[in-house]
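Below is one structure, written out as structure tokens; the observations come after it.
The values are calculated or read from the model by the stated rules, or taken from the named source; none is laboratory data. Since we're looking at a predicted model, the values are computed, not measured. We place every Cβ from the backbone using ideal geometry, glycine too, and count neighbours over all the protein chains shown. Ligands, DNA and RNA are stripped out before the accessible areas are found, and what is left, the full protein with its side chains, is counted by its heavy atoms. Shrake-Rupley method; radii C 1.70, N 1.55, O 1.52, S 1.80 Å.
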Amino acid sequence: MHVLIIILEIIGVLLVCLFIAAAFSSDDYVIKSELIINKPQTQVFNYIKYLKNQENYNKWVLMDPNVRKKFTGTDGTVGFHYAWDSDNNQVGQGEQTITSLTDKRVDYDLLFIKPFSGKAESYLDTEHMADGQTNVIWVFQGKRTYMMKVMHLAFNLKKVLKKDLQTSLNNLKRILEQA
């Protein structure tokens, strides 16, 4: 019985430390991943500017082939809107809208509805490199509520989400370099 009390006390101390650390961590977060693709910048950008192409490389979209999707507007243009709803909690429900488009970068607003609500901004940027290569940079950024800060710390979500972005970029690289 004495050992159980010690274990519970240790767990309690760890939880208190987690909640204190969350209270002092930044409200802002940035998750960034990048990868060089052996294709010209124009070709890479002309593929990633279309949200529907994420069905081929985005890890979260690929998790549920039965996700319900709704598209509004013209893909590859500012204002194009994509809504999804999945019974898979890792995919959840949300919306994504193209908010800005240049000849090398596409910006999105993201609204997550379930399993957790939240807002984020994201962008995919392409940088021309020597020898017909392109550096693709994918960034997620936003503000965290207190409970999201706790979850980020408890589950090391920054590392997990960065790994998911990298998986998506690896998928993109494979697709584009095979074309």
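Test Thr99 against the criterion of being open to solvent by 50 Å² or more (accessible area, probe 1.4 Å) and outside any strand (DSSP E or B), and give yes or no.
no
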Exercise. Identify the single condition in (1) small (Gly, Ala, Ser); (2) within 25 Å of Ala179 (Cβ to Cβ); (3) in a strand (DSSP E or B) that Gly76 does not satisfy, given that it satisfies every other one.
Key: (3)
Quiz item: Do we find that Leu101 is modelled with pLDDT of 95 or more and not β-branched (Val, Ile, Thr) in this structure?
Solution: yes
Quiz item: Can you tell me which residue in region 56-73 is nearest to the chain's Cα centre (by Cα), limited to those that are in a loop (DSSP other than H, G, I, E, B) and within 22 Å of Leu176 (Cβ to Cβ)?
Solution: Asn58
Exercise. Would you tally the residues in region 124-173 being among the hydroxyl-bearing types (Ser, Thr, Tyr), open to solvent by 40 Å² or more (accessible area, probe 1.4 Å) and modelled with pLDDT of 95 or more?
Key: 1
Exercise. Those residues that are open to solvent by 70 Å² or more (accessible area, probe 1.4 Å), in contact with a strand residue (DSSP E or B) (Cβ under 8 Å, 6 or more places away or on another chain) and without any contact (Cβ under 8 Å) to a residue 40 or more places away in the chain, I need them from region 31-70; list them, please.
Key: Lys52, Arg68, Lys69, Lys70
Quiz prompt | Criterion violated by Phe112 - all others in (1) over 24 Å from Lys173 (Cβ atoms); (2) not in a strand (DSSP E or B) satisfied | solution = (2)
Quiz item: Given the conditions (1) open to solvent by 30 Å² or more (accessible area, probe 1.4 Å); (2) in contact with a strand residue (DSSP E or B) (Cβ under 6 Å, 6 or more places away or on another chain), and given that Val3 satisfies all but one, which numbered condition is not satisfied?
Solution: (2)
Quiz item: Among all residue pairs at least 6 apart or on different chains, which show Cβ distances below 6 Å where the first residue, located in region 91-114, is in contact (Cβ under 8 Å) with a residue 40 or more places away in the chain and the second is assigned to a loop (DSSP other than H, G, I, E, B) and crowded, with 18+ Cβ neighbours inside 10 Å?
Solution: Ile98/Phe80; Val106/Lys49
Quiz prompt | Cβ-Cβ under 7 Å pairs, at least 6 apart or on other chains, region 150-179 side more than 21 Å from Ser26 (Cβ to Cβ), far side open to solvent by less than 50 Å² (accessible area, probe 1.4 Å) and among the hydroxyl-bearing types (Ser, Thr, Tyr) | solution = Gln166/Ser33; Ser168/Tyr57; Leu169/Ser33; Asn171/Tyr57; Leu172/Tyr57; Ile175/Tyr57; Leu176/Tyr47
